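Structure record follows, encoded as structure tokens.
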Amino acid sequence: MADTKIDLLVIGAGIAGLLAARELVDKHGLRVAIFDKSRGVGGRMATRRDGDASYDHGAQFFSVTNPRFKTWVDQWLDQRVVKLWFEQFGDEPPMMRYAALPSMTAVAKKLVDGLELHRQSKITSASRESGEWILKTEDGNTFRGQRLLINAPVPQALEILDAGGVSLPSEDDAFLRSIRYAKTIAAMAELDGPSGLPAPGRLKLNPPEPIQWMADNQQKGISALPAVTIHSGHDFAEKYFDAPDDERLPLLVEAAKPHLQANILSVKGHRWKFAHRLTEHDRDFYANAGLGLWMAGDSFHAPKVEGAAMSGLLAADDIAASV
Ligand SMILES: Cc1cc2nc3c(=O)[nH]c(=O)nc-3n(C[C@H](O)[C@H](O)[C@H](O)COP(=O)(O)OP(=O)(O)OC[C@H]3O[C@@H](n4cnc5c(N)ncnc54)[C@H](O)[C@@H]3O)c2cc1C
């Protein structure tokens, strides 16, 4: 493929990267190219289909506190891209929890419409040459652009920059390398009948080991068949992350069984290496305007969907101001 020259290269088609790209293309007319290693879009707002069973196996819902994010969510509600999943649960404080329609990837699918997206394009390095960024993909393609926005979790972003020989000011480097994540293992289980999980189809467990969360994808309206997502606790995931599925999934299934009224017919697994940011800090994004480099996503702002979204939007403002 021939080299392509663009204003902004965006790594990551999760909520942060797509909102940033959307604003910079629509409001500021930048030429933007987005790269994602996956076949689909949405990153950790993820859905897996297995026959007639469907699972949201990453983010389960999102909340809204920021008026700017609310404007986007109101638009998605009007367009029936998202729905209110539930507001009240047990004695938890009331809060609107939104889910996408028909499943979590829908928001990203809506946002990416009309944008230049390179799917299945894993970026292996980003380097600087003659004032430009050069991205190399795993399958040997090269892309050039004036600016770079990386929305992968920061540990992955640093791998890309390290491979390209990019060095950052030592204070920035130390801050970025301090950002840590906890892992989670998702088990996706098809059932022979209704799960029996309390309405609206969720169970939060305390203590959160070995499982912290279960969701009924059929009650949530995603799955035609009874199907639950089981999320492990972070300690369990740390211990079994490299174990084979046939060792770790039966442990999660055994822990889930007492909460289910139906039998588990089959189970599949997914590992989330970067499930939840542990390191607390107050930065909304990272910028090095001299290098034309920005980083956004849930490594900044707050470690959840809304935080990632706001980080992307705020990074986009900063990029627009630099043009
Ligand atoms: C199990 C789980 C449950 C969660 N539950 C909730 C919840 O209920 N509510 C909530 O608000 N949040 C939840 N979260 C967190 C939420 O999903 C994230 O905070 C948010 O989706 C992050 O968005 P992002 O755009 O920053 O990153 P991502 O969605 O991860 O997007 C980053 C993208 O970068 C791509 N990428 C990475 N490296 C490369 C590379 N080298 N080349 C090309 N592409 C690359 C990835 O494929 C990915 O698509 C959960 C997360 C997990 C894992």
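FYI, it's all coordinate maths here, none of it is from the lab. Predicted model only: the values in this text are computed from it and were never measured. Please note: Cβ atoms are built from the backbone with ideal geometry, for glycine as well, and neighbour counts cover all protein chains shown.
At a glance:
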read-out	value
Alpha-carbon centroids, the stretch 255-323 and the stretch 1-67: separation in whole Å	12
Helical mean residue ellipticity (222 nm; -39500 (n - 2.57) per DSSP H run of 4+; nearest 500) of the chain	-8000 deg cm²/dmol
Highest to lowest packing among 14-26, 195-207, scored as the average C-beta count within 10 Å	14-26, 195-207
Calculated FRET value between Asp91 and Arg271, using beta carbons and R₀ = 30 Å, to 0.05	0.35
Extension gain (nm, one decimal) between Ala163 and Glu280, 0.36 nm per residue minus Cα-Cα	39.5 nm
Footprinting exposure proxy for Phe62, Phe86 (fewest neighbouring C-beta atoms within 10 Å first)	Phe86, Phe62
Rotationally averaged projected area of the chain (alpha carbon convex hull; nm²)	16.8
Centre separation in Å (Cα based) which lies between the stretch 68-138 and the stretch 176-191	18
Choice from Glu87, Glu306, Glu129 showing the highest fluctuation, given a GNM over the chain with Cα pairs closer than 10 Å	Glu129
In range of the label at Thr71: residues from the stretch 102-123 whose backbone nitrogen is under 18 Å from the point 7 Å along Cα→Cβ	111
Listed residues Lys239, Lys83, Lys110, most fluctuating in the chain (Gaussian network, C-alpha, under 10 Å)	Lys239
HN-Hα J in Hz across the stretch 140-156 - Karplus 6.51, -1.76, 1.60, θ = phi - 60°, x for Gly and Pro	x, 8, 10, 10, 10, x, 6, 10, 9, 10, 10, 10, 5, x, 3, x, 6
Using θ = phi - 60° and Karplus 6.51 cos²θ - 1.76 cosθ + 1.60, couplings along the stretch 273-282 (whole Hz; Gly, Pro as x)	6, 10, 8, 8, 5, 8, 6, 9, 7, 10
In order through the stretch 298-307: 3J(HN,Hα) via Karplus (6.51 cos²θ - 1.76 cosθ + 1.60), integer Hz, x for Gly, Pro	7, 6, 10, 6, 10, x, 7, 4, 4, x
Ratio of the Cα radius of gyration of the stretch 181-277 to 2.2 N^0.38 Å, where N counts its residues	1.00
Histogram of C-alpha separations across the stretch 225-294, 5 Å bin width, %	3, 11, 21, 15, 12, 10, 7, 8, 6, 4, 2, 0
The chain: most fluctuating residue of Arg68, Arg271, Arg144 per GNM, C-alpha cutoff 10 Å	Arg68
